[in-house]
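Take a look at the structure set out below.
The values are calculated or read from the model by the stated rules, or taken from the named source; none is laboratory data. All figures in this text were calculated on a predicted structure; none of them were measured in a lab. No Cβ is skipped: glycine too gets one built from the backbone with ideal geometry, and neighbour counts run over all protein chains shown.
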Amino acid sequence: MAVTTEGATKVNDFHDDEALVRRTFAQFPSGVSVLSVDYAGEKHALVVSSFMVGVSLNPCLVAVAVQKNSQSWPIVRRAETIGVSIFATGQGPLTRQLAGKDRAKRFERVAVEVNQSGAVYIEDAAMWLETRLFSETDAGDHWMILLHVTRMGVDENTDPLLWHGSRFREFATETSFDLE
């Protein structure tokens with residue numbers, strides 16, 4: 001089934017066409033986050049773009065979808081607390097480093113703060129959350145994770161890094177206009 005308007009196809013049957021799903025979902029802008037912990041004396045990171053705030057205010061919950069084949073999630077989930085850092089404009093290269101295949105080099109020359117319970121926070125991020133695992137639900141080839149937020153902070157002088165069209169983006173320069 002395809003709905004068209006002036007020659008443009010609006011809706012395609014995708015019949016499990018993963019490439020079409022990825023291209024379509026890539027058009028939804030999101031922030032870029034890292035879940036990070038210091039567990040058993042080692043820092044671990046899991047970079048995600050499928051992160052959602054405002055799931056619940058009471059208790060304060062955020063959500064993240066994690067691929068079931070993630071090698072980092074089984075380690076991160078064991079920590080008492082999980083640090084969540086929302087990357088700021090200009091931190092794209094850092095994002096790629098923390099998501100890199102070479103786990104031993106992920107935190108090389110990365111400025112972090114580690115709290116007493118093992119949550120790791122990336123310096124100069126736009127926002128930070130201290131969380132605890134609330135629930136984990138089967139969601140196809142992912143786990144839908146709810147995290148209970150116990151502490152938070154924000155740098156109101158920076159903009160978050162955006163992920164759109166499989167590229168890092170930044171907010172456009174603000175312009176003001178008169179509505180009258």
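Within the set Arg132, Arg96, the sole residue that is in a strand (DSSP E or B) and among the charged types (D, E, K, R) turns out to be Arg132. Only one entry in Ala88, Ala139, Ala111 is more than 22 Å from Asp155 (Cβ to Cβ) and of a type in the set (A, V, I, L, M, F, W, C), namely Ala139.
Residues that are modelled with pLDDT under 95, of a type outside the set (Lys, Arg) and at positive phi do occur in the stretch 128-142.
Of all residues in the stretch 35-58, those satisfying the criterion of being within 16 Å of Tyr121 (Cβ to Cβ), in contact with a Gly (Cβ under 8 Å, 6 or more places away or on another chain) and crowded, with 18+ Cβ neighbours inside 10 Å are Leu35, Ser36, Val37, Asp38, Phe51. Out of the residues in the stretch 51-84 that are among the hydroxyl-bearing types (Ser, Thr, Tyr) and touching a helix residue (DSSP H, G or I) at 6+ places or on another chain (Cβ under 9 Å), which is farthest from Ala104 (Cα to Cα)? Out of the qualifying residues, it is Ser70. Screening Tyr121 against (1) touching a helix residue (DSSP H, G or I) at 6+ places or on another chain (Cβ under 9 Å); (2) in a strand (DSSP E or B); (3) of a type outside the set (Val, Ile, Thr) leaves a single unmet condition, (1).
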